[in-house]
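Scroll down for the structure; my scribbles are underneath it.
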Ligand code: PLP
């Protein structure tokens, strides 16, 4: 039975209850994080908590928690749920009100919920052990505050479902200028002539922690040039490689977009080098 954290208590998942008046439930009014952990070692814990604090500040939810408090919750969930390959899901909603009124109430306590769920083992940098994604595409129809990791994910859910119904693993999104933004639950990249190119971290994308760690490691290692700039969908279809990244998946090669092969339709050498660098360096964050 999985043990979850809810408002200062560690309890079995089946006993965890929140009010139907919680604004997380009524409005999707909350911020969340997903931190991967392998054999008890978290990847990117500090930047994940920093991003959550930025999100909470952006939406005016006051929760005065230190990094250590979050670390204790994560460590306890790992200990209580068996340290394997886990994702720690951390969720702060604005809390439960006694009425449904859009304005932020001033006198309610945030609801803090966290649980652990199993994720696949960390990918290994080996072309024969990785299955390339086939992805669909869709015009990005979400809001203009995608940098906030909001629990209001219906836009992302609908975009994911669009690809899922076609048998695709993900959906790449593009804006009104035909420029790549990200994917429904991942950041996106192309590789052209050995250069890794990814859309800039602005309000059109969630600045992923995997993206941050990957770009930082690539720049420090130095053998693969990195550019952050607009990427058109024509460039996507013409790319040598396409990748998506997220915390629970790391760097995933994409071999097909809308049924068209990327490059020669095989997993690329730059992916192999990048995942090798990521695997070697990720635990330093
Ligand atoms: N973009 C979106 C929309 C996401 O939902 C996610 C992860 O959930 C990401 C990007 C990747 O972020 P991270 O690397 O922090 O997991």
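Derivation of every value follows stated rules applied to the coordinates shown; laboratory data play no part. As the structure is a computational prediction, the values presented were derived from the model and not from experiment. Cβ sites come from the backbone with ideal geometry, for glycine too, and all protein chains shown count toward neighbours.
For this structure, a couple of remarks:
- The stretch 1-71 and the stretch 247-271: distance between their alpha carbon centers, rounded to Å: 32 Å
- Within the listed set 119, 209, 49, the Gaussian network model of the chain (springs between alpha-carbon atoms below 10 Å) gives the highest mean-square fluctuation for 119.
- Rounded tilt (10° steps) of 45-58 against the dominant C-alpha axis of the chain: 70 degrees
- Theoretical FRET efficiency, 1/(1+(r/R0)^6), r = Cβ-Cβ of residue 39 and residue 108, R0 22 Å, to 0.05: 0.05
- Shape class for the stretch 216-276: prolate, because the ratio a/c of the largest to smallest gyration tensor axis (alpha-carbon atoms, square roots of eigenvalues) is 1.5 or more and a/b beats b/c.
- P(r) histogram, all alpha-carbon pairs of the stretch 45-117 included - 10 Å bins from 0, percent: 17, 46, 26, 10, 1
- Kirkwood hydrodynamic radius computed over the stretch 143-285 comes to 15.3 Å, based on all pairs of distinct alpha carbons.
- Of 271, 143, 70, the sequence from fewest to most neighbouring Cβ atoms within 10 angstrom is 143, 70, 271.
- Counted over all Cα-Cα pairs of the stretch 110-162, pairs farther apart than 14 Å make up 72 percent.
- FRET E, pair residue 148, residue 260, Förster distance 22 Å, beta-carbon r, rounded to 0.05: 0.10
- Cα gyration tensor shape for the stretch 127-202, rounded if a/c is under 1.5, else prolate or oblate: oblate
- Per-residue [θ]222 nm for the chain (sum of -39500 (n - 2.57) over DSSP H runs n ≥ 4, rounded to 500): -8000 deg cm²/dmol
- Most fluctuating residue given options 167, 40, 30, as computed from a GNM of the chain linking Cα atoms under 10 Å: 167
- Extension gain, residue 46 to residue 284, is 84.6 nm, computed as 0.36 nm per intervening residue step minus the present C-alpha separation.
- Label-point gap, in nm, between residue 228 and residue 79 - each point 7 angstrom along Cα→Cβ: 3.7 nm
- Taking 107, 75, 126 as the candidate residues, the one with maximal mean-square fluctuation in a Gaussian network model of the chain, Cα springs under 10 Å, is 107.
- Each listed q (0.26 Å⁻¹) maps to a log10 I(q)/I(0) for the stretch 1-74 from the Debye sum over equal C-alpha point scatterers, namely -1.35.
- Degrees, to the nearest 10: 269-281 long Cα axis against longest axis of the chain: 40 degrees
- Expected-Rg normalisation [2.2 N^0.38 Å, Cα atoms] applied to the stretch 168-214: 1.14
- Sequence of 13, 158 once ranked by neighbouring C-beta atoms within 10 Å, starting from the fewest: 13, 158
- On Cα atoms only, tilt of 67-81 relative to the major axis of the chain in degrees: 90 degrees
- Rh (Kirkwood; distinct C-alpha pairs) - the chain, Å: 19.8 Å
- Bins of 5 Å from zero: percent of alpha-carbon pairs in the stretch 73-175: 2, 9, 12, 12, 16, 18, 15, 9, 3, 2, 1, 0
- Taking other C-beta atoms within 10 angstrom as a stand-in for reagent exposure, 243, 65 fall in the order 65, 243, fewest first.
- Between residue 101 and residue 202, the modelled labels are 3.8 nm apart [label points 7 Å from Cα along Cα→Cβ].
- Prolate/oblate/rounded label for the stretch 1-153 (Cα gyration tensor, a/c 1.5): oblate
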